[in-house]
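Below: one structure, written as structure tokens.
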Amino acid sequence: MLKKPRRAARYYYLKLLRLQGDPETLARGVAIGVFVGITPTLPLHTVLALLFSYLLGGNPLAALLAAATISNPFTLVPQYYLCWKVGNWVLPGHLSWHKIRMVMAVVHSDLGFSESLRSLGRLSTEAVTVLLLGGVILALPTAIIAYPLSRRLFTAIRTKRNQKHVLD
């Protein structure tokens with residue numbers, strides 16, 4: 001059972017390593033993807049990753065891969081839980097666990113994209129506000145940390161590739 005998550009993580013890691021481009025642009029894409037992947041905006045992850053990549057000059061493939069790596073079936077429940085806890089800590093209003101379960105049921109349902117958005121829109125503004133605020137508070141420092149780490153990684157990969165081409 002543990003081999004499948006490791007295999008999936010390795011798959012996405014290798015995909016990231018194989019990306020071509022400027023280390024700066026790739027790192028910006030990874031930071032965008034990490035940010036989007038942590039926020040509780042699951043029906044919109046792809047759209048948001050592509051939009052932010054376009055607006056901020058990040059690599060869209062790196063953003064999509066990072067978002068998919070961060071937000072997966074194994075991490076969704078802990079992420080939404082942390083978003084709820086942090087959002088409830090910052091905003092004085094208490095958001096019940098029942099309302100959170102309703103949000104998770106909509107996210108995990110087989111509803112289409114538009115129906116999923118309509119269902120989420122019917123939930124209270126409080127639930128969305130608490131989750132989004134908690135998500136942004138968690139996502140921002142993580143994305144800020146991901147940027148220099150991934151830039152260093154992509155710079156090292158580029159240097160290694162250049163040395164290999166010189167030797168060939």
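Per-structure values
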{"read-out": "Some residue of the stretch 81-98 being crowded, with 17+ Cβ neighbours inside 10 Å, over 17 Å from V136 (Cα atoms) and at pLDDT 80 or above", "value": "no"}
{"read-out": "Qualifying residue in the stretch 133-153 (condition: touching a Gly at 6+ places or on another chain (Cβ under 7 Å), buried (at least 17 other Cβ atoms within 10 Å of the Cβ), modelled with pLDDT of 75 or more and assigned to a helix (DSSP H, G or I))", "value": "yes"}
{"read-out": "Flag if I70 is within 20 Å of L14 (Cα to Cα) and modelled with pLDDT under 95", "value": "yes"}
{"read-out": "The stretch 61-80, subset part of a loop (DSSP other than H, G, I, E, B) and polar (S, T, N, Q), residue surrounded by the most Cβ atoms within 10 Å (Cβ to Cβ)", "value": "S71"}
{"read-out": "Given (1) of a type outside the set (K, R); (2) surrounded by fewer than 23 Cβ atoms within 10 Å (Cβ to Cβ); (3) touching a residue at least 40 places away in the same chain (Cβ under 8 Å); (4) more than 17 Å from L133 (Cα to Cα), index of the condition L51 fails", "value": "(3)"}
{"read-out": "Subset of the stretch 3-48 [within 30 Å of R118 (Cβ to Cβ), of a type in the set (A, V, I, L, M, F, W, C) and buried (at least 18 other Cβ atoms within 10 Å of the Cβ)]", "value": "I32, V34, F35, V36, I38, L42, L48"}
{"read-out": "Which numbered condition G58 misses (of (1) part of a loop (DSSP other than H, G, I, E, B); (2) closer than 21 Å to A9 by Cα)", "value": "(2)"}
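The values are calculated or read from the model by the stated rules, or taken from the named source; none is laboratory data. These figures come from a predicted structure and were not determined experimentally. All Cβ positions, glycine included, derive from the backbone under ideal geometry; neighbour counts span all protein chains shown.
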